[in-house]
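The values are calculated or read from the model by the stated rules, or taken from the named source; none is laboratory data. Bear in mind that the values here come from a model prediction, so they are computed numbers and not experimental data. Glycine gets a Cβ as well: all are built from the backbone with ideal geometry, and neighbour counts include every protein chain shown. Heads up: the accessible areas ignore ligands, DNA and RNA and are worked out on the full protein's heavy atoms, side chains in. Shrake-Rupley method; radii C 1.70, N 1.55, O 1.52, S 1.80 Å.
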Amino acid sequence: MHDHHLTGRYEAMGREYASQLEGLGRSLAEASPEALDPPAERRALARKCAAHVAEHAPFLLEELEGIADATGLETDVVETVPLALDARAGCSLVAVAGERTVGRTPLFARNHDFYPSFRDFATCYRTEPADGLASIGCSCVYVGRCDGVNEAGLAIGLAEVPPHEFEPGVTWQLAVRAVLDTCRTVTEAVEFLESIPHATNVNFLVADASGEIAIVEANPAEATAIFPDDDIVSVTREFRTESMREYQSTDRTPADCSRRRAVAEWFDEQDRRVTEADLQTAMGDPDVGVCWPVDERREDPRSTIWSWTIDPAERVGHLARDSPIETPYEAVRVPGSE
């Protein structure tokens, strides 16, 4: 997994990202999960999405402009990948309520389940915007984030819900990045995620240091928040809300997901308060059934290509930089919390 530490104002951070790539001997094309030669229709879609991002998170466009300026590429070429990324992330998310943790504050975890070939693009970012909140998080596409935690103690992650039907809006990776940079609490994150037009079906799980946990189910038509009072909350690729399930392409409910059942069974077996190490076992032990091992019999099968466990109150995450079945978790702290 690659690493980038970005600081400063947003356009400057874009320039810094390009400079770091150059120092590593990589071009933006080599760091991009999609070719930097988008056809006219994709550019047109990205321009429509850019209008929504300009309204709700204009600083991200500034960062993209910095990348374009530093690389000498056309701005719309640089913007099209994160603004209109055609990706189908699987993923498992878990939050344990503070009533059941040793530290008495929530714990958060997320496995990113995707194609092993995307390991070439997987990156851990430590971000310190001059006009926003510092954070750590991972992504396969520059500027966006799939998960992370910020200096205010707010953790967030996502899981896409099929079908993958793309409409002009804010893509999930840019929505997560905007939350990390601007929101301090679950309440603020929910308000933001309910206010923006989403490009695809997606589930978000958010938890903060105060103990609040929420799920936001979203699609291009609407978004709705759920505030569960369970000791453990797990999220995968199904909507919980009956009205939202009308927008998914299968009739699966969360109860039908084997990974969610595995998490529930693991949690039921815990006869004491849970630690972050316990959560790492749940997310990384293939016998529990949450982590996806690579199936060598299939060409580029989906597998878990990174895994986080996060203590929002401590502003620290533990990251397995590849499949947690084989890769140990290592501490990554939010900048400024050391």
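When each of the peptides 88-94, 28-34, 77-83 is scored by the mean number of other C-beta atoms lying within 10 Å of its residues, the order from highest to lowest reads 77-83, 88-94, 28-34. In terms of the Cα gyration tensor, with a ≥ b ≥ c the square roots of its eigenvalues, is region 1-82 rounded because a/c is under 1.5, prolate because a/b exceeds b/c, or oblate? Oblate shape, in that a/c is at least 1.5 and b/c is the bigger or equal ratio. Separation of region 11-58 and region 192-246 by C-alpha centroid, Å? Rounded to whole Å, the Cα centres lie 27 Å apart. For region 1-158, carbon and sulfur atoms together expose 48% of the accessible surface, with a 1.4 angstrom probe and every protein chain in place. Considering only 2, 17, 39, and ranking their Cα positions along the charge dipole of region 1-76 that arises from unit charges at the beta-carbon of Lys, Arg, Asp and Glu, the one farthest toward the positive end is 39. Rolling a 1.4 angstrom probe over the protein heavy atoms with all chains in place gives the chain an accessible area of 39 Å² per residue.
For region 176-228, the square roots of the Cα gyration tensor eigenvalues, ordered a ≥ b ≥ c, give a/c of at least 1.5 with a/b no greater than b/c, which places it in the oblate category.
With a/c under 1.5 counting as rounded, go ahead and sort region 179-282 into rounded, prolate or oblate using the C-alpha gyration tensor (a ≥ b ≥ c being the square roots of the eigenvalues; past the cut-off, prolate if a/b is larger than b/c, else oblate). It is oblate, given that a/c is not under 1.5 and a/b is not larger than b/c.
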